[in-house]
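Okay, so here's the structure we're looking at.
The values are calculated or read from the model by the stated rules, or taken from the named source; none is laboratory data. In this text the structure is predicted, and so the values were computed from the model without any measurement. Neighbour counts run over all protein chains shown; Cβ positions are idealised from the backbone, glycine included.
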Amino acid sequence: MTSQPLLFDVAGSGVAPHKLPTNLTTRNHAVHRWMNFTAGYSPEFVLQCLERDGVSGGSVLDPFSGMGTTLVAANSAGLNAVGYDPNPHAAMMCRAKTQSRSLRTVDRIEEVLRSLEPVTSVDAQWNESQLKFLRKLIEPDQLGYLASARTLEAELEPDDRPLYRLVVTRLLESASGSATDGIYKAPTSKKRARPVKESYPRVLRELREDIGTIDDDWGISEVYESSSEVMADIPADEICQVITSPPYLNNFDFAEMTRMEIYFWGYATSWGDITAKVRSKLVVNTTTAPTELKKTQDVWRNQLSAEIAGECSNYVDALAEARAEKARSKDYDRLVYPYFAQMQNVIRESCRVLKPGGAMDLVVSDAALYGVHIHTEDVLRRIMLESGFTAVDVVRLRTRGDRWVLSKRTGSKDPLGEFHLTARKG
């Protein structure tokens, strides 16, 4: 692994290096703050990557677009952008932030919400499984208002609905008394629940403020609700830069973290339905991934080169041994081959669509599962070199993993980190 100094002026941005791979600054940026997610990186990271390469035209790609940080940042720099995310909630929020930036849309949304009154019964909106979950998070009177808001979406034109869904999702999250991104917080975290009628004027005011800062120089974005393992929508040598952060190999279930939103909007109707409709399309990084994806270990292994497969085999064997010693174990050993095989597919496709000389910037973390330290950043570096990139630099941005130390959790002896990989296409 090579270790290089940071490739951009962090001091000049006012953002410390350890904050670049976090979402801590998102709330300070117009449009970005409309919808946030704890497992995200900073807009400054994207802008500085673009500035480093002097990108002034063309399209930027994020194959794991999430809530649209890369796309919005690229648009604000006057660049067009393309994003892929198979999670329907994430794809919708990304569209709202990149395709619905209109004051007229906000006016129409406000007109609809002014007529908001609670429904008398929510049973027609959701099934028993959905309601059981939503009622754990939302008080009955507020769920009545939210059910009404869900129905009122039909009064808007299709082009206005992504931003409407963003607004109502903000109301949904505000009305919840639980911290829904609990994986990065203490399990007992609570927050203040805000009434729907109190929240929506504040949300609309924020949208108006931010849209007022957008000028004609902003770029536009295309968002695909699909896996980036195959990006047939993009011709070869089309993209000027790839900036992304893939799922970490750390058992963070992105489908579960958006379960409230997925149930509320009806993207899925049960836990099994979430697996079938969402998890089955995501990179395998969690033990809740579909069993059929984890069963085909030889298929995944055979997609990797002998060198990469050999290193992964060492991790798999160590995890299987650790698993055998646990009374109630998780099959972490069955995540390694599919994770790196799928990441290889995305990296190869990213190289294919990238213009010669273009860069792929990727933020990722290593992992410690049952005390087995998996050097994800180094495996991905080698996959990048095998996939057509001629040079890959790796920089540690921050040390992580020591915020919540639990006696039952077996960690690595070495500190974990988040890393910035910069790969250049020849």
| query | Does at least one position in the stretch 330-348 carry a residue that is farther than 13 Å from Tyr248 by Cα and free of Cβ contacts under 8 Å to residues at least 40 places away in the same chain? | reply | yes
| field | Tabulated pairs, the stretch 136-162, first farther than 21 Å from Arg259 by Cα, second aliphatic (A, V, I, L, M), C-beta under 6 angstrom, 6+ apart or interchain | value | Leu152/Val112; Glu155/Val112
| request: Please work out which residue is nearest to Thr258 (Cα to Cα), limiting yourself to the stretch 77-94 and to residues that are surrounded by fewer than 24 Cβ atoms within 10 Å (Cβ to Cβ) and in contact with a helix residue (DSSP H, G or I) (Cβ under 8 Å, 6 or more places away or on another chain). | output: Pro88
| Failed condition for Met67, given (1) in a loop (DSSP other than H, G, I, E, B); (2) within 13 Å of Gln241 (Cβ to Cβ), with all others met? | (2)
| query | Has the stretch 277-289 got at least one residue that is within 30 Å of Gln48 (Cα to Cα), of a type outside the set (Lys, Arg) and surrounded by fewer than 16 Cβ atoms within 10 Å (Cβ to Cβ)? | reply | no
| request: May I ask you to verify whether Pro63 is under 18 Å from the mean Cα position of the chain (by Cα) and surrounded by fewer than 20 Cβ atoms within 10 Å (Cβ to Cβ)? | output: no
| query | What pairs come up if the first residue lies in the stretch 197-215 and is aliphatic (A, V, I, L, M), the second is crowded, with 17+ Cβ neighbours inside 10 Å and not in a helix (DSSP H, G or I), and their beta carbons are under 9 Å apart, counting only those six or more places apart or on different chains? | reply | Leu207/Val31; Leu207/Arg101; Ile211/Ala30; Ile211/Val31; Ile211/Arg101; Ile214/Ala30; Ile214/Val31; Ile214/Arg101
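Return the residues of the stretch 300-353 that are assigned to a helix (DSSP H, G or I), of a type in the set (A, V, I, L, M, F, W, C) and loosely packed, with under 14 Cβ neighbours inside 10 Å; say none if nothing qualifies. Spell out how you get there, then give the answer.
Step one: list which residues in the stretch 300-353 are assigned to a helix (DSSP H, G or I), which gives 300-302, 306-324, 332-334, 336-353.
Right, trim to of a type in the set (A, V, I, L, M, F, W, C) and you get 300, 306, 308-309, 312, 316, 318-320, 322, 324, 336, 340-341, 343, 346-347, 351, 353.
Selection gives Ala306, Ala324.
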| said: For the structure I just gave you, tell me whether Cys312 is more than 23 Å from the chain's Cα centre (by Cα) and within 30 Å of Gly426 (Cβ to Cβ). | reply: yes
| query | If you scan the stretch 212-247, which residues turn out to be out of contact with any helix residue (DSSP H, G or I) (no Cβ under 6 Å at 6 or more places or on another chain), surrounded by fewer than 19 Cβ atoms within 10 Å (Cβ to Cβ) and not hydrophobic (A, V, I, L, M, F, W, C)? | reply | Gly212, Thr213, Asp215, Asp216, Asp217, Glu222, Ser226, Asp233, Pro235, Asp237
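Taking the condition of being modelled with pLDDT of 95 or more and among the aliphatic types (A, V, I, L, M), how many residues in the stretch 288-303 meet it? Explain how you work it out, then say what you get.
Within the stretch 288-303, the subset modelled with pLDDT of 95 or more is 297-303.
Those left that are additionally among the aliphatic types (A, V, I, L, M): 299.
Residues in the stretch 288-303 being modelled with pLDDT of 95 or more and among the aliphatic types (A, V, I, L, M): 1 in total.
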| note | Matching residues in the stretch 99-111 (at pLDDT 95 or above and under 30 Å from the mean Cα position of the chain (by Cα)) number 8
| note | Of (1) closer than 23 Å to Ala268 by Cβ; (2) within 28 Å of the chain's Cα centre (by Cα), Gly144 fails just (2)
| Do we find a residue being touching an Asp or Glu at 6+ places or on another chain (Cβ under 6 Å), part of a loop (DSSP other than H, G, I, E, B) and in contact (Cβ under 8 Å) with a residue 12 or more places away in the chain anywhere in the stretch 33-45? | yes
